[in-house]
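This report concerns only the one structure given below.
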Amino acid sequence: MTKIEWVARPGTTPESWNPITGCSKLSEGCRNCYAERMALRLAGRFGYPEAPHHFDVTGHTDKLAVPFGWRTPRTVFVCSMGDLFHERIPWSDLQRIFDVMVYEKNRKHTFLLLTKRADRMQEFISSRLPELPRHCQHIWVGVSVENQQAADERIPTLLRTPAAVRFVSCEPLLGEVDLQEWLYEWRPVAWGPGPDDWACDAFENGGIHWVIASCESGPSRRPVHADAFRSLRDQCQDAGVPFFLKQIAMDNHPCRPKVVKLPELDGKVWQEWPSSPGKGRCGEGGPTRVAWQLDILGDKEKETDGQRKEKEKVEGGPPV
Ligand code: SF4
């Protein structure tokens, strides 16, 4: 389970899955990285390296098979404690993680991939293009965008990434961002004769289908005016694209700014998701075998239930 608000899609159980943890800073949005702070708390435990290496990119082979144990449909934030497309993660490990996601039994779940390394994600997913339209409708891809520069750099690459649903997470939003030219309303198209044989047209028609926005939290939080969120909300509404407002700070608070989760903005809580591709979206077939060993690191000691629960509590915090 995770408490991340935008993962809590109606009809599914919210989840985070971390076969890889750790990362390195890339841009302004990384300055107060939540995952790094949490990794420090977990240093030397649960497979996290000792400080000062707690945030090194690390493989958790024991986590690879976790999705096979989920019976009911989940919405899964993949690698909430790092960046799945970090350059230190070997291609072979990306293949293995992907194999778990596209395994027939796991296609009832929706996996959300969010990265700042849009180039690497685009390159990797494009390399699996032949199987995508039938087997990967349940894998949504997104980039983090903190300002206009990051949007201009990452979104065009995101749009070249084959996917059923693409999204942008503006967290932490650091100022006004103009997304208008990239927003695109999701539309279903038939790909077979049956009532469930429909998918979306995003494989051929690029665009952003969902926008998440949030202010920064934590002691070094950088303030941003509510109008920056209003602007994003208005852009989404004009384009018919769902908008999710995770949190904003009340900077006029008499003592100190107070961060409010799922706030009202102009009288409404903005908690919208794109609709999911159809039930029969993923077809049959696909991988029948999955490799269980990550190349980046060997097997870890098995953790106890108590240790697992404590770790999940921490990893279930805000996204990065
Ligand atoms: S996890 Fe995300 S925010 Fe943290 S350093 Fe990596 S890319 Fe930056």
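The values are calculated or read from the model by the stated rules, or taken from the named source; none is laboratory data. Owing to the predicted nature of the structure, the values given are computational and were not obtained by experimental measurement. Cβ placement follows ideal geometry from the backbone for every residue including glycine, while neighbour counts extend to all protein chains displayed.
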> With respect to PRO67, is the statement that it is surrounded by 15 or more Cβ atoms within 10 Å (Cβ to Cβ) and either closer than 25 Å to GLY218 by Cα or within 16 Å of the ligand (Cβ to nearest atom) (or both) true?
Replying inline: no
> Name the pairs: first residue in segment 209-227 and of a type in the set (Lys, Arg), second residue assigned to a strand (DSSP E or B), Cβ to Cβ under 9 Å, at least 6 apart or on different chains?
Replying inline: ARG221/ALA249; ARG221/VAL259
> Does at least one position in segment 70-87 carry a residue that is touching a residue at least 40 places away in the same chain (Cβ under 8 Å), within 16 Å of the ligand (Cβ to nearest atom), within 17 Å of the chain's Cα centre (by Cα) and part of a helix (DSSP H, G or I)?
Replying inline: no
>> Could you list, ordered by first residue, the pairs with Cβ atoms under 7 Å in which the first is in segment 130-153 and closer than 26 Å to ARG31 by Cβ and part of a helix (DSSP H, G or I) and the second is modelled with pLDDT of 75 or more and among the charged types (D, E, K, R), at least 6 apart or interchain?
In response: GLN148/ASP178
>> Condition first: more than 18 Å from SER169 (Cα to Cα), touching a helix residue (DSSP H, G or I) at 6+ places or on another chain (Cβ under 7 Å) and among the hydroxyl-bearing types (Ser, Thr, Tyr). Now tell me which residues in segment 1-51 satisfy that.
In response: THR21, TYR48
>> If I ask for residues that are within 17 Å of MET1 (Cβ to Cβ) and either of a type in the set (A, V, I, L, M, F, W, C) or within 10 Å of the ligand (Cβ to nearest atom) (or both), which ones from segment 13-42 would you list?
In response: TRP17, MET38
>> Tell me whether segment 28-46 contains one or more residues that are within 16 Å of ILE89 (Cβ to Cβ), in contact (Cβ under 8 Å) with a residue 60 or more places away in the chain and touching an Asp or Glu at 6+ places or on another chain (Cβ under 8 Å).
In response: no
>> Criterion first (more than 16 Å from the ligand (Cβ to nearest atom), acidic (Asp, Glu), touching a strand residue (DSSP E or B) at 6+ places or on another chain (Cβ under 9 Å) and under 22 Å from GLY142 (Cα atoms)) does ASP99 satisfy it?
In response: no
> Is there a residue being modelled with pLDDT under 95, touching a helix residue (DSSP H, G or I) at 6+ places or on another chain (Cβ under 6 Å) and surrounded by fewer than 24 Cβ atoms within 10 Å (Cβ to Cβ) anywhere in segment 101-118?
Replying inline: yes
